[in-house]
Amino acid sequence: MKLSRPVSWFLTAFGVWSVFIWTTFVKNLWKDSGGQAFVNGDHGQPTAFFWVHLLLAVTSLLLGLAIGWIGVRGLRALRAATTAAPVGERPAE
């Protein structure tokens, strides 16, 4: 399957966005002082809220990395196809 250049860029951007958002979310979850993530702010006693949201964040982060990697591979394949094309011809996208 070939990905077009816009689709490859979209998937790559989605992966970068996902890594940024979910990493920030985990940092904020860890710093929670409202008492939802940890019992009385004690990091040794995480709540169910913490575990559910950590699982959500890790799953979303892994999916974002996978989607981003697909986009990067699509861009690399397009670059390789463009480089391998005879002079004056562009490969079909």
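Read-outs: derived from the displayed coordinates by stated rules, not from any lab. Since the model is a prediction, treat every value here as computed from it, not as a measurement. For neighbour counting, all protein chains shown are included, and Cβ atoms are generated from backbone atoms with ideal geometry for every residue, glycine included.
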Practice task
Give the long-range amide H neighbours of F38: residues separated by 5 or more places, or on another chain, with amide H under 5 Å away, using H modelled in the peptide plane at 1.01 Å from N.
Solution key: T47
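State the dimensionless ratio Rg/Rh of the range 1-40 (Rg: radius of gyration of Cα atoms; Rh: Kirkwood radius). Present the calculation step by step, with values, prior to reporting the outcome.
On the way: Rg = 16.6 Å, Rh = 12.4 Å.
Using only Cα positions, Rg/Rh for the range 1-40 is 1.34.
Only helical DSSP H runs with n ≥ 4 go in: add -39500 (n - 2.57) per run for the chain, normalise by residue count and round the 222 nm mean residue ellipticity to 500 deg cm²/dmol. Spell out each step's value before the answer.
Working: 2 runs with 63 residues, N = 93.
Roughly -24500 deg cm²/dmol at 222 nm, from the helical runs in the chain.
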Fill in the blank from the handout: The helix 48-84 Cα axis meets the longest alpha-carbon principal axis of the chain at an angle in degrees, between 0 and 90 and rounded to 10, of 10 degrees
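I need the calculated FRET efficiency for the pair L55 and M1, taking r as the beta carbon distance and R₀ as 25 Å, to the nearest 0.05.
Values: r = 31 Å, r/R0 = 1.23.
About 0.25, to the nearest 0.05.
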Fill in the blank from the handout: Between the Cα axis of helix 5-30 and the main Cα principal axis of the chain, the angle (0 to 90°, nearest 10) is 10 degrees
Completion exercise
The base-10 log of I(q)/I(0) that the Debye equation returns for the chain at q = 0.12, 0.13, 0.21 Å⁻¹, one scatterer per C-alpha, is -0.53, -0.57, -0.93
Handout entry: Label point distance in nm, F20-T47, each placed 7 Å from Cα along Cα→Cβ
Key = 3.0 nm
